[in-house]
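Chemist: Below: one structure in structure tokens.
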Amino acid sequence: MTAVGIDAVEIWTGNLKLDLPGTFAAEKGEDPEKYTKGLGLNASSFPDSYEDIVTMGANAAHRLMERKGLEPDDIGRIDVATESAFDNSKPVSTYVAGCLEQVYDGDFHHANKGERKFACIAGTQSLDDACNWIRAGRNRGRSALVIATDTALYARGDAGEATQGAGAVAMLISEDPSLVELSTEQGYGSADETDFLKPNQQFPSVDGKRSVQVYLARMREALEDFESVAGEVHEDDFVYAPFHTPFPGMVRKAALLAFRHVIRDTPTEDELAEEIGRQPRPEAFDSDEEYRDALREYMDALKDTDRYAEWYDATIDPTLTISRNVGNWYTGSVHVARASALKHALEAGRDLTGEKLLVGSYGSGAQAEIHAETIQDGWEAEIEALNVDEQLDNRYEMTWEDYEEIHDVHNHEMDVDVEEFTTPSEEFVFDGWGRMGERKYRYVE
Ligand code: HMG
């Protein structure tokens, strides 16, 4: 079977930055370490007043098309994944195509366009749809553009406010990809949950603590389901495991559970037994409560072993570097984690061609999906082309007052107009409203 996967990726961050330990914690009168150590976050990205999900998505896609020398005729499909859409009928992908048509001679009339919704997992679902479209032979030699774009804002004062973020990831899906090939094996963990939802409202209703438990439960199901088709996963099978990252502290919890799972009944569990004992098994306990207490004790001890720390530092920590500085990008988050890991490998001079990633996506509501990816021999050039560090450095750092203003600007219930904090250059910008309430965009040279 021909290899299908991600040929190229581009990341576009919102142009504003909120320092969490410095500005946010100070204003809330909280210990900065709650953010840096607890949640694992240093800063969030925010959209300036002229930015939204369309501009960020179109800018990421434009940069990708320019770098790859593509024309509209090369793209047969545009899928946008978002949970920040502002229209219940007209998909964001039509707006993105409209933007791109302003700067290319051709058009996207031939391209199938859509919008995917399932909280944060929709980005991976779109990727999957695009791969299946190619595998089914329907692409007529063309590639698909998948764009995951969100302004992940919470209501002011919500516990989730510290995890906000805004940005887009554009991915080109092709045959014989340069970056990663996706496995056809997938595992799912999916259930009707009410942990995080937006019932026709802009900002989410969140049961934060429960959402953490739901993430872990669904991810565990997905891993077991993946193993049922792909075989048992072992700790050294994958060079990195990029996971959906609402905040790095969440992935820290998931990683510990995953490690416990993959070492069970292996020589690693036996080796560690001398230090911390064997993993508790439910059948050895009289009550569920006793079993859970023993499990908690084992996990605390496991976390402190050198074996686990080494695995975590090598396989998980590198996936979190970008996230620490941008916050939650919802649909784009797991794709940022992949890029972060590969960037780390490039900077360390590692040769990864042929190595595998274990990718764990998640969306509240809730569903987790796990698949494997094989790194292709063009990965270094693709990752080298990212300018994400430059983008992050160029963000305007907001004061608390700036932050309050910009949150209001992006609040759909409010009609606030403020001067932009940054000067757009070579990017699409929001340009006001049309006669039917549609949003208008223009390209700024
Ligand atoms: P919170 O009440 O602000 O924070 O809510 P906390 O008190 O639970 O503290 C957070 C961590 O910091 C804890 O670590 C504290 O111990 C630690 P843990 O015990 O959990 O390991 N901490 C400190 N550490 C060092 N020094 C200190 C200190 N103080 C505290 N001084 C919560 C946290 C996650 C609930 C909140 O941020 C929230 O509601 N977030 C939004 C929901 C969310 O992100 N859920 C994640 C799973 S669901 C998901 O990923 C889906 C999502 O992306 C949406 C989608 O799919 O569309 C959200």
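Derivation of every value follows stated rules applied to the coordinates shown; laboratory data play no part. Computed from a predicted model, the values in this text were never measured in an experiment. In this analysis, Cβ positions are derived from the backbone assuming ideal geometry, glycine residues included, and neighbour counts consider all displayed protein chains.
Chemist: For the chain, what is the largest minus smallest coordinate of the Cα atoms on each principal axis, given in angstrom and ordered from greatest to least?
Modeler: Over the chain, Cα extents along the principal axes are 69, 56, 42 Å.
Chemist: Further question: Under a straight-distance cross-link criterion of Cα-Cα below 18 Å, which lysines are reachable from Lys90, leaving out those fewer than 8 residues away in the same chain?
Modeler: Lys113, Lys117, Lys440
Chemist: Ok, one more. Measuring from centroid to centroid over Cα atoms, what is the spacing of segment 123-140 and segment 1-47 in Å?
Modeler: A separation of 29 Å, based on Cα centres.
Chemist: Over the Cα atoms of segment 301-378, how large are the radius of gyration and the largest Cα-Cα distance (Dmax), in Å?
Modeler: Cα-based Rg and Dmax for segment 301-378 come out at 13.8, 41 Å.
Chemist: Which part of segment 219-244 falls in the paramagnetic zone of Thr266, meaning amide N under 11 Å from the point 7 Å along Cα-to-beta-carbon?
Modeler: Under cut-off, by backbone N: 232-238.
Chemist: Which of Trp12, Trp133 has the fewest other C-beta atoms within 10 Å, and how do the rest follow up to the most?
Modeler: Trp133, Trp12
Chemist: For n ≥ 4 DSSP H runs only, could you compute -39500 (n - 2.57) per run for the chain, divide by its residues and tell me the 222 nm figure to the nearest 500?
Modeler: -11500 deg cm²/dmol
Chemist: Provide the net charge surrounding Arg292, with neighbours chosen by a C-beta distance below 15 Å and charges set as Lys +1, Arg +1, Asp -1, Glu -1.
Modeler: -4
Chemist: Give me the number: length gained by fully extending Glu66 to Met436, i.e. 0.36 nm times residue separation minus the C-alpha to C-alpha distance, one decimal in nm.
Modeler: Full extension of this stretch gives 130.0 nm more.
Chemist: Going toward the positive end of the dipole of segment 314-364, with +1 on Lys and Arg Cβ and -1 on Asp and Glu Cβ, which of Ala341, Leu320, Gly363 do you reach last?
Modeler: Looking along the dipole axis, the top candidate is Gly363.
Chemist: Pairs of Cα atoms under 8 Å, at least six residues apart: use those to get the relative contact order of segment 4-444, whole percent.
Modeler: Worked out over segment 4-444, it gives 25 percent.
Chemist: Compute the signed sum of charges (Lys and Arg +1, Asp and Glu -1) over the other residues within less than 13 Å, Cβ to Cβ, of Phe108.
Modeler: Residues near Phe108 contribute -4 overall.
Chemist: Continuing with the same structure: Across segment 149-162, in residue order, what do the Karplus-derived ³J(HN,Hα) couplings come to in whole Hz, using 6.51 cos²θ - 1.76 cosθ + 1.60 with θ = phi - 60° and x for Gly and Pro?
Modeler: 3J(HN,Hα) across segment 149-162, in whole Hz: 9, 8, 10, 8, 9, 10, 4, 4, x, 5, 4, x, 3, 6.
Chemist: Can you list the trypsin sites (Lys or Arg not before Pro) in segment 261-306 that are in a DSSP coil and have 15 or fewer other beta carbons within 10 angstrom?
Modeler: When the trypsin sites (Lys or Arg not before Pro) of segment 261-306 are filtered for loop state and at most 15 Cβ neighbours within 10 Å, Arg264, Arg278 remain.
Chemist: Taking the Cα centre of the chain as the origin, how large is its charge dipole in debye, to the nearest 20, when only Lys and Arg (+1) and Asp and Glu (-1) carry charge on their Cβ atoms?
Modeler: With only Lys, Arg, Asp and Glu charged at Cβ, the dipole is about 1000 debye.
Chemist: Taking neighbour Cβ counts within 10 Å as the exposure measure, how do Thr82, Thr94 sort from fewest upward?
Modeler: Listing Thr82, Thr94 from fewest to most nearby Cβ atoms yields Thr94, Thr82.
Chemist: Can I ask one more? Of the options Thr245, Thr268, Asn112, report the single residue whose Cα projects farthest towards the positive end of the charge dipole of the chain (beta-carbon charges: Lys, Arg +1; Asp, Glu -1).
Modeler: The listed residue farthest towards the positive side: Asn112.
Chemist: Next question. Please sort by residue number the GluC sites (Glu not before Pro) in segment 197-281 whose DSSP state is loop and whose Cβ has at most 10 other Cβ atoms within 10 Å.
Modeler: none
Chemist: Name the GluC sites (Glu not before Pro) in segment 357-429 that are in a loop by DSSP and that have at most 15 other C-beta atoms within 10 Å, would you?
Modeler: Passing both the DSSP loop test and the Cβ count: Glu413, Glu419, Glu426.
Chemist: Also: Separation of segment 403-428 and segment 218-281 by C-alpha centroid, Å?
Modeler: Taking the Cα centre of segment 218-281 as reference, the centre of segment 403-428 is 42 Å away.
Chemist: Among all helices in the chain defined by DSSP H, which have a length of 30 Å or more along the axis from Cα atoms plus a Kyte-Doolittle mean of at least -1.0?
Modeler: Once both thresholds are applied, what remains is 208-230.
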